[in-house]
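This report concerns only the one structure given below.
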Amino acid sequence: MMNRREFLKAATLASAAPLWVRFSATAAEAATEVPIPDRLLLVVYLGGGNDGLNTVVPYQDSAYTKARPTVGLRAADVNSLGGGLGLHKALARVYSLWTSPTHQLAIVQNVGYPNPNYSHFESTYIWETGSATGRYHTGWLGRYLDATDATSPGPVRAIAVGMDALPRTLIGQDGNGVALTSLSDFSFADRPSNGYTDTALRHRAFDALGAGAPDDGSLRSQVLQAEDGTVRAIAAISGATAKTKTNLTDAQTVAAMFAAKVGTEIGFIEVGGFDTHTDEKAFQAQGLQAVDKAIGEFFDAAKTYGIADRVTVMTFTDFGRRVGENANVGTDHGSSGPLLVMGPNVNGGIYGNRPDLSPSALQDGNLVPAINMASVYSSIISQAFHTDPVPILGDYPTIPLIR
Amino acid sequence: MTHKSDISATSGEEKSFPGRKIIGRELEPGGRLPGDRSLIAHLFRRAAFGATPAVLKYYAARSYGAAVEDLVRGKSIAGAPPSFDQTLDPVNDLVFNVGTRNPFSVPSLDQIQTTWVERMVTTTVPLVERMTLFLHNHWATAYRPGDSVDTPELQTQNNVFRDNALGNWSTLCHSMIEDVALSCWLNNNVNVKAHPNENLAREFMELFTLGPGNYTETDVREAARALTGYRFAYNLQGTDPVNEAMGPRYVMIFDPTQHDDGDISIFGSQAAPMMPHQFVDLALSQAAAPMFLARKLAQTFVTPDPSPDFVGRIAASLTANKWELAPALRTIFSSFEFRSEAARSAVVRSPTEYMIGILRALNRTSSDDYSVALYWMNHAGQELYNPPNVGGWPKNMGWLGAGGVLARYNAGVTFADRHVRSTTLPGQTRLRSTTPQGWGEIFGITNLAQATVDAMNGYLNDPTASTDQNVTDAAMITLVLASPDYMLA
């Protein structure tokens, strides 16, 4: 099996190009990049702890209306999912996936982990590692990337857009992910648009650092190859995105990267503003609108790039919120909540039992989680990425979310 | 195999080794002959974030052995630039000066990161900071403020690492089972008689002292019982309202009522009760213990794949010197293996070493420099106090994914610009060179690869090259820092 660097090397040799092409890479050479992966996953993180009960709303449940006399949503605030459940109206585009003839929205109810932690940092950490027991500290998708490093070529396998540093979800041991605030971020700083007058000369000299280097497996040659791979990634991305509009949104940037043929198969974006301790109705609607917009932009861009049939979107958040409202027309930190999985390959529907909101069924006023997040993750890993989830997450039952 | 292939400036012992090619000039007894510049530069790249030309000049006029001695003894390295100051108080840290016991008022993560970066950049005892970084990666504990692995606890832990950096491994191991940050990170604060938690016990043996395969699952369960009884409490002692040197926010308390005092058997040794420190001593008494630490030190400082013989000699030093680290480091840096050609450019600099090397070389000591350095360290994949997991950060090629390479390149561009745009005092000249080799020396590299020299000359000799010295200087710095010569240590 080849690792990514060996792949790059093999690709280069096969095309009979010189080993060190770097900045002199022509468009044809840059096209030795990798095919677009079959399955592409966008993870949308709802920062702050989205209120699941006001997202997938049991608006006809008397225990719900009783617990939330002012914060609770009513029939007019939701689009019906049937059976007394409604989707927050701000998620209009997402709802269109539900009503589409191909049923492209799956809702997994009451997802969490045992012994809920109510700290933003701790609980998000647990969600991102996929481990409530401290068994893992790397991200669940980072471990997937590590596990498949040898067989999945591409210099940028995962990308987090709109952030300075990689979210833990994508952190593994092998440095497969890249975080960037925007696409123009993923480029050499000494470019002409930053005021450099000697860019071409500098980059020719950078090319020449590898001139005549023997491909002898030495650490020195490995460093030169890693630099070569970086240059190729940058060249490929800038080539692919030169055709796109500037000022792409985070979600559109992920789609552009998926289409850039650099092996990117996972994207990560964040929408914040969900820590709704006060004035929840207004703040949550605002946040969900932003999520809905991002998801819509992503699907639209995927269509434009011709990758619409490969994409899946999933959401997660810090935690759900307390069942009963607080005195500030908001809700406090809670436990479990629904998780949305969307896309053309998704088996639409509602999974898991509706949470029991009667006071006697709650623990400290919170839902008792029914489905472990690791079950959802395992389903994604095995069904979308066709990879054994057990070494990545442990042994959890899967749910038939994706076909 | 004996230690005789090792040079020791203190013992003055030096034997020739037929059939082994020793690189560099041999040292006389006592190490009095002028030193090999390339070897000294190699030593400083590994042990000290790189040598400045002044440091190189100083030790080249003396000896390689003298450089090893100054480093492992924690003596101020001679020839350090005058701007290096020693005013940092090793006791009164930022955290100790917060001036409040309010647990909600703690320094930001950025503040304690900056404090450490400043120490690494300005220290005159660089092996102390390099070993502190080694220990942070070894006992990898990450910022988790919701779980009392907050900045005061991490700074306290960092101070323990620094105090023991050239000290005693056994002392450090005993300290670490009572370290608040590590205990909370690995759940030992909730390890009680009724509900033993195995997390610290397992990692202590697997990752910290012995390595996989050197203990059984029964040992883990029994060690977890031996480690029961710790919890942390608010530190009510040691307050000093005058200088506000207050000590850590929390202290570990051993509560005998929560300690499992039944029969405990670890590695076949039985005791009732078995106290936590007895477990530490038992672990360190295993034959695997010195080999485990020796191998990790050799991998960090010498080569990713050290020979069993070399590891054995380092382990023997640890055993003979009752876990003292300085003699082991002396053994390492004096060894044939360290001085050999095979060990040159054999490890990839971590992002921290990469950035600190730049700041030390270019004398960049403003808080803004530290902040920019931290930004690029994070982008290159190493956020201090936030390792990806308890196993620590990646190493070698694990650092050089596309994002890591790009962050390093752009960091080089950024600091090259900061250097050529910096103002100089009247009468001062900016650090620069007219030759590629000279630029290499500024960054502690005495023997740039020919390809690197040719690439830099290619730039300088190009007819389109700028006549503005600042433009070409910035390009030369960028190229050196992007070269494999600097990426590797």
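FYI, it's all coordinate maths here, none of it is from the lab. Please read these numbers as outputs of a predicted model, since none were measured by experiment. Cβ atoms come from the backbone with ideal geometry, glycine included; neighbour counts cover every protein chain shown.
Once the Cβ-Cβ distance of A:Ser184 and B:Lys395 is raised to the sixth power relative to R0 = 45 Å, the FRET efficiency obtained is 0.90.
With charges set only on the Cβ (+1 for Lys and Arg, -1 for Asp and Glu), what does the dipole of segment B:363-437 come to about its Cα centre, in debye to the nearest 20? Taking the Cα centre of segment B:363-437 as origin, the dipole is about 260 debye.
Taking label positions 7 Å along the Cα-Cβ direction at both A:Ser119 and A:Val390, the computed distance is 3.4 nm, reported to one decimal. Label segment B:104-148 by shape, choosing from rounded, prolate and oblate, from the square roots a ≥ b ≥ c of the eigenvalues of the Cα gyration tensor; if a/c is under 1.5 it is rounded, and otherwise prolate applies when a/b is larger than b/c, oblate when it is not. Here segment B:104-148 falls in the oblate category. Towards the positive end of the charge dipole of segment B:353-454, with charges on Cβ (+1 Lys, Arg; -1 Asp, Glu), say which of B:Thr434, B:Ala361, B:His379 has the farthest Cα. Comparing the listed Cα positions along the dipole, B:Thr434 ranks first. For segment B:221-234, 3J(HN,Hα) computed residue by residue from phi via the Karplus equation (6.51, -1.76, 1.60; θ = phi - 60°) reads 4, 5, 5, 4, 5, 5, 8, 5, x, 8, 9, 9, 9, 3 Hz, glycine and proline entered as x. DSSP loop trypsin sites (Lys or Arg not before Pro) in segment A:31-104 with at most 14 other Cβ atoms within 10 Å of their Cβ, which ones? Counting only loop positions with at most 14 other Cβ atoms within 10 Å, the trypsin sites (Lys or Arg not before Pro) in segment A:31-104 are A:Arg74.
Taking amide hydrogens as placed 1.01 Å from N in the peptide plane, the amide H of A:Thr312 sits under 5 Å from those of A:Leu40, A:Leu41, A:Leu42, each at least 5 positions away in sequence or on another chain. 3J(HN,Hα) along segment B:475-489, derived from phi through the Karplus expression 6.51 cos²θ - 1.76 cosθ + 1.60 where θ = phi - 60°, amounts to 5, 4, 4, 4, 5, 4, 5, 8, 6, x, 4, 8, 4, 9, 10 Hz, with x in place of Gly and Pro. Give me the percent relative contact order of chain A, please, defined on Cα pairs under 8 angstrom at least 6 residues apart. Answer for chain A is 30 percent. For A:Asp364 and A:Lys281, the FRET efficiency from 1/(1 + (r/R0)^6), where r spans their Cβ atoms and R0 equals 22 Å, is about 0.35.
In segment B:231-380, Cα pairs under 8 Å separated by at least six residues give a relative contact order of 12 percent. The amide H of A:His333, built 1.01 Å from its N in the peptide plane, has A:Arg322 as neighbours under 5 Å, considering only residues 5 or more places off or on other chains. Spin-label pair B:Thr435-A:Asn328: with each label point 7 Å from Cα along the Cα-Cβ axis, the two points sit 6.8 nm from one another. With R₀ set to 30 Å, the beta-carbon distance separating B:Glu341 from B:Thr124 gives a calculated FRET efficiency near 0.50.
Which of the trypsin sites (Lys or Arg not before Pro) found in segment A:288-372 are in a DSSP loop and have at most 16 neighbouring Cβ atoms, other than their own, within 10 Å?
On the way: sites: A:Lys293, A:Lys303, A:Arg310, A:Arg321, A:Arg322; in loops: A:Arg322.
Passing both the DSSP loop test and the Cβ count: no residue.
The phi-based Karplus calculation (6.51 cos²θ - 1.76 cosθ + 1.60; θ = phi - 60°) puts the 3J(HN,Hα) values of segment B:450-457 at 4, 4, 5, 4, 4, 5, 5, 5 Hz, whole numbers, x for Gly and Pro. Rg ratio for segment A:157-291: its Cα radius of gyration over 2.2 N^0.38 Å, N being its residue count, equals 1.33.
This model, with +1 at the C-beta of Lys and Arg and -1 at the C-beta of Asp and Glu, gives the protein assembly as shown a dipole about its Cα centre of some 1360 debye.
Here's the list of aspartates and glutamates a cross-link from A:Lys261 could span, going by alpha-carbon distance under 15 Å and ignoring same-chain residues fewer than 8 apart: A:Glu29, A:Glu33, A:Asp38. Of the residues B:Ala194, B:Leu166, A:Ser184, the one whose Cα sits farthest towards the positive end of the charge dipole of the protein assembly as shown is A:Ser184 (charges of +1 on Lys and Arg Cβ, -1 on Asp and Glu Cβ, taken about the Cα centre). A dipole drawn for the protein assembly as shown from +1 and -1 charges on Cβ atoms has a positive end, and of B:Val311, B:Gly404, A:Thr55 the residue lying farthest that way is B:Gly404. By its C-alpha gyration tensor, with a ≥ b ≥ c as the square roots of the eigenvalues, how is the protein assembly as shown shaped: rounded for a/c under 1.5, else prolate for a/b larger than b/c, else oblate? Because a/c hits 1.5 or more and a/b fails to exceed b/c, the protein assembly as shown counts as oblate. Distance between the modelled labels on B:Ala194 and B:Asp163, one decimal in nanometres: 3.4 nm (7 Å Cα→Cβ projection).
Evaluated on chain A, the Kirkwood hydrodynamic radius is 22.3 Å, with distances taken between all distinct Cα atoms. In this structure, the amide hydrogen of B:Leu488, modeled 1.01 Å from its nitrogen in the peptide plane, lies closer than 5 angstrom to those of B:Arg349, counting only residues at least 5 positions away or on a different chain. Peptide packing: for B:168-178, A:210-220, the average count of neighbouring Cβ atoms within 10 Å per residue gives the ranking B:168-178, A:210-220, highest mean first.
The trypsin sites (Lys or Arg not before Pro) found in segment B:277-328 that occupy coil by DSSP, while having at most 16 further C-beta atoms within 10 Å, are B:Lys322.
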